[in-house]
Structure formats: structure tokens, C-alpha cells
Amino acid sequence: MSEMTTVLVVDDEPIVRDVVVRYLQRDGFDTLEAADGESARRLIEEGSPQLVVLDVMLPGTDGLALCRWIRSRGELPVIMLTARGEEADRIVGLELGADDYVPKPFSPRELLARLRAVLRRTAPSGEPPLVVGNVSVDLQAREVRVSGGAVELTAFEFDLLVALARRPGRVVPREVLLEEAGRGDVTVSDRTVDVHVSHLRRKLGDDPRAPRLIKTVRGAGYVLAREPAS
């Protein structure tokens with residue numbers, strides 16, 4: 001996915017939409033918002049989101065009915081938001097084809113982790129490589145090439161590079177790098193991230209005497225340059 005993934009957030013509570021949208025945008029996603037089922041249906045038809053975060057309780061067309069309609073159209077991934085303890089809604093939602101559910105109140109970080117997991121599970125098998133400048137990242141084969149030459153990376157280094165390559169030219173905070181590399185649930189220091197990025201730079205041939213391929217933005221994170229270093 002060389003373009004940013006668009007997520008539609010459907011919830012009639014403005015504060016919930018605002019929190020989810022801010023976390024998604026910080027994490028590099030494009031977003032659409034809807035407060036009711038009919039607006040969501042129109043955005044799905046017109047906006048082509050790649051995933052829907054869908055509250056069960058909506059005015060008018062409720063979330064379960066909307067999930068049924070989405071499934072009748074295809075395989076658009078759906079994560080249901082349900083009130084804590086509403087087991088029946090969760091069971092029905094999953095039976096209708098929802099890909100996951102998150103009970104309210106929820107942690108935005110947990111929602112993001114589940115969202116990324118659903119996107120990985122539902123990614124098309126023929127997903128093209130991420131290409132940024134002279135760096136090519138084959139997501140299916142987990143192979144990296146720089147100017148055509150193969151580069152051997154550890155699993156952690158590969159996942160860090162993917163997180164950067166999905167957002168070329170954009171600053172990616174350290175916590176986002178850790179979350180996408182599957183380390184968001186453990187305590188690590190900023191220094192740990194810096195060390196792994198240093199290894200990644202060396203393996204990619206990132207010459208410190210030239211404009212950096214992976215640039216450090218002090219106090220913010222890292223950014224993968226859109227053009228190769230020269």
C-alpha cells in the first residue's frame with residue numbers, strides 16, 4: 001500500500017470520533033467520519049475506505065444492519081465497537097461478518113493494534129512492494145532491495161522500515177514505530193529505537209556524510225526521505 005489507508009469512523013458520539021480520528025491521523029491514516037448509518041453508507045459508496053470502525057448503537061440504520069449491508073457488497077474489513085457486556089451484539093456482529101470487535105470504553109492504542117492486525121490479515125496477496133526512492137520493500141516476501149541489490153534485515157528492522165516506508169516524507173514518532181513493529185506492548189527506551197534505526201541505516205547504506213536516507217527529527221521521530229541520498 002503505497003498510498004495511505006483510509007479508515008471510516010462511524011459513531012454518533014463526537015468525542016469518540018474525535019479521539020479515534022486523531023489517533024488514526026497521528027498514525028498515518030486518512031480518515032472519514034460519520035455520525036449515523038445513512039451517512040456512513042454514502043461515504044462507503046463515494047469515499048472507498050479500506051476499513052470501517054463501526055459502533056453498534058447508531059441513530060437510524062444501526063451498526064448491525066450496516067455491517068450486514070457492507071458484507072452484502074464485498075469484503076470491506078469492519079471492526080465493531082460495542083458497549084461493554086453486550087455479548088449478544090458482539091456475537092451477532094461476528095456472525096454477520098465483522099472482522100473484530102472492541103468493547104467500550106476502549107484504549108485507542110488497543111484499537112489501533114487491532115486495526116493494523118485486521119489490515120494485515122485482509123491485505124490482498126498481490127499487494128505491490130512499497131517503493132520510496134531507491135528502496136523497495138516487498139511485503140509478501142519480506143525482502144528489501146536498495147538500488148536493485150538485496151539487503152538482509154532482522155524482523156524488527158524490516159518492520160521499522162515498513163512503518164517508515166508507508167509514510168514517505170512524514171515524521172513517524174518512536175512510539176508508532178514500536179507499535180507497528182509489534183513492540184508497543186513492552187517497555188523500551190527511546191535509545192533502543194535509536195540503536196535499531198542506526199543498524200537499519202548502516203544496512204541500507206545510509207551515508208552520514210550525505211543527505212540522510214532516514215532523517216532524525218529531534219524530539220519527534222524519524223522520516224524516510226522520498227528521494228535517495230546523493
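The values are calculated or read from the model by the stated rules, or taken from the named source; none is laboratory data. Remember, it's a predicted structure, so these values are computed and weren't measured experimentally. A quick note on method: Cβ atoms are made from the backbone with ideal geometry, for glycine too, and the neighbour counts reach across all protein chains shown. SASA here: full protein model, heavy atoms, side chains in, ligands and nucleic acids out. Shrake-Rupley method; radii C 1.70, N 1.55, O 1.52, S 1.80 Å.
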Flag for Val131 being at pLDDT 90 or above and surrounded by fewer than 15 Cβ atoms within 10 Å (Cβ to Cβ): yes
Mind checking which residues of segment 178-202 are modelled with pLDDT under 85 and not in a loop (DSSP other than H, G, I, E, B)? Leu178, Glu179, Glu180, Asp190, Arg191, Thr192, Val193
Show the residue pairs that are 6+ apart or on different chains and have beta-carbon atoms under 9 Å apart, the first residue being within segment 193-216 and free of Cβ contacts under 8 Å to residues at least 40 places away in the same chain, the second being of a type in the set (S, T, N, Q). Asp194/Thr216; Val197/Thr216; Ala210/Ser230; Pro211/Ser230
How many of the residues making up segment 95-141 are under 19 Å from Val10 (Cβ atoms) and among the β-branched types (Val, Ile, Thr)? 3
When Thr31 is evaluated against the numbered criteria (1) assigned to a helix (DSSP H, G or I); (2) within 21 Å of the chain's Cα centre (by Cα), which criterion, by number, is the only one it fails? (1)
Out of all the residues in segment 69-96, which are in a helix (DSSP H, G or I), at pLDDT 90 or above and either open to solvent by 40 Å² or more (accessible area, probe 1.4 Å) or within 20 Å of Ser107 (Cα to Cα) (or both)? Trp69
In the set Ser136, Ser147, the lone residue that is buried (at least 17 other Cβ atoms within 10 Å of the Cβ) and of a type in the set (Gly, Ala, Ser) is Ser136
Being of a type in the set (Ser, Thr, Tyr) and in a strand (DSSP E or B) is the filter here, so list the residues in segment 97-148 that pass it. Tyr101, Ser136
